[in-house]
Amino acid sequence: MTPVISPGLSRRIGDARAIVAFTGAGVSAESGVPTFRGTDGIWSKLKPEELASMNAFMKNPSMVWEWYAHRKKIMSGIAPNPGHFALARMEKLAPSFAVITQNIDGLHRRAGSRTVYELHGNIERNYCMKCGTPYGDDFVVAANGVPLCPACGGLVRPDVVWFGETLPEDEWDASVRAAEGADLFMSIGTSAVVYPAASLPLVAKRSGAYLLEINPEPTPLTAQADEYLQGASGVFLPLLAGAMEAARRLPHSHR
Ligand code: BJW
């Protein structure tokens with residue numbers, strides 16, 4: 001079936017004043033970044049708590065670093081896809097637009113999105129767990145194993161949020177405010193199972209937003225969504241951006 005945007009949704013996206021795009025690994029899948037869950041997900045082969053937690057890191061830093069080195073390599077060779085670019089186009093048209101992402105790959109900014117809240121950190125950054133000194137990827141690659149801080153000898157880790165860790169406070173607070181103020185909230189390419197991020201669509205809905213979900217597979221959020229577009233973000237987001245551009249060219253009375 002050819003994917004289409006209904007006239008009702010086209011009107012809604014044309015009229016929305018405050019839009020939030022809440023994104024997960026599925027949005028980067030079409031750029032070649034493996035998702036975490038599902039049949040092709042990273043987590044289908046490896047248990048998350050064995051890798052993405054402080055316990056795992058302290059128990060076996062070289063195994064965890066091997067995993068991150070592998071993913072850093074994947075992510076250094078990728079580019080934004082049509083879904084990322086469509087969100088950047090939408091931001092130019094809406095009075096208020098924010099991307100809240102669980103992704104750590106930096107692709108939204110590379111596509112041109114400007115208001116981006118990264119809830120789970122960014123894989124390009126690293127820091128010393130003992131003294132906090134930040135390190136770029138050149139340092140980590142040169143270490144070729146577990147990187148140690150030259151300043152204090154502490155373990156260097158990727159600047160991402162592991163299970164059991166709190167989210168960056170400023171990004172979280174800004175995300176809650178954006179969710180509360182949204183009139184259209186889009187949950188895109190996320191399994192919506194990891195908290196507290198997964199609470200944001202519900203915060204938005206409770207505050208009066210229209211909740212739209214885009215995902216090839218239903219999620220625990222689907223039953224709460226006002227509208228569910230079943231399919232890839234790289235297909236539906238360009239259609240939505242086109243609908244938004246068309247609607248905003250028309251005077252209000254003709255929408
Ligand atoms: C497509 C597509 C296409 C495919 N187009 N779509 C019990 C209840 C509630 C909470 C908890 C609980 N027990 C523990 C917790 C807390 C825990 C949690 O939520 N656990 C649940 C799993 C149960 N949360 C935490 O620990 C968080 N911190 C916290 O709660 O702090 C407070 C606290 C402090 C101290 C003690 C206790 C609590 C932190 C969570 C950090 C998550 N970190 C990770 C790793 C980041 C670093 C890294 O990448 O290495 O973040 S885990 C991983 O999951 C990653 C992701 O951002 C996150 C979400 O995954 P996402 O993006 O949804 O990906 P997938 O793979 O799950 O889904 C992809 C989707 O795309 C699928 O639906 C596909 O269908 C779809 N798709 N192709 C569109 N083309």
Fill in the blank from the handout: Of those in segment 44-60 that are part of a helix (DSSP H, G or I) and surrounded by fewer than 18 Cβ atoms within 10 Å (Cβ to Cβ), the residue nearest to the ligand (Cβ to nearest atom) is Pro48
Completion exercise
The one condition Val193 fails out of (1) near the ligand (Cβ under 9 Å from one of its atoms); (2) crowded, with 22+ Cβ neighbours inside 10 Å is (2)
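Every residue, every condition in (1) β-branched (Val, Ile, Thr); (2) within 16 Å of the chain's Cα centre (by Cα); (3) at pLDDT 95 or above, yes or no:
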residue: Val116; (1), (2), (3): yes, yes, yes
residue: Asn122; (1), (2), (3): no, yes, yes
residue: Gly132; (1), (2), (3): no, no, yes
residue: Ala143; (1), (2), (3): no, no, no
residue: Arg157; (1), (2), (3): no, no, yes
residue: Leu167; (1), (2), (3): no, yes, yes
residue: Ser175; (1), (2), (3): no, yes, yes
residue: Glu180; (1), (2), (3): no, no, yes
Completion exercise
For segment 200-217, the count of residues that are loosely packed, with under 14 Cβ neighbours inside 10 Å and either among the acidic types (Asp, Glu) or within 12 Å of the ligand (Cβ to nearest atom) (or both) equals 1
Practice task
Name every residue in segment 72-84 that is touching a residue at least 12 places away in the same chain (Cβ under 8 Å) and under 13 Å from Val140 (Cα atoms), in order of residue number.
Solution key: Lys72
Handout entry: Lone unmet requirement of (1) on the phi < 0 side of the Ramachandran plot; (2) touching a residue at least 60 places away in the same chain (Cβ under 8 Å) for Leu202
Key = (2)
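The values are calculated or read from the model by the stated rules, or taken from the named source; none is laboratory data. Source: prediction; values computed, not measured. In this analysis, Cβ positions are derived from the backbone assuming ideal geometry, glycine residues included, and neighbour counts consider all displayed protein chains.
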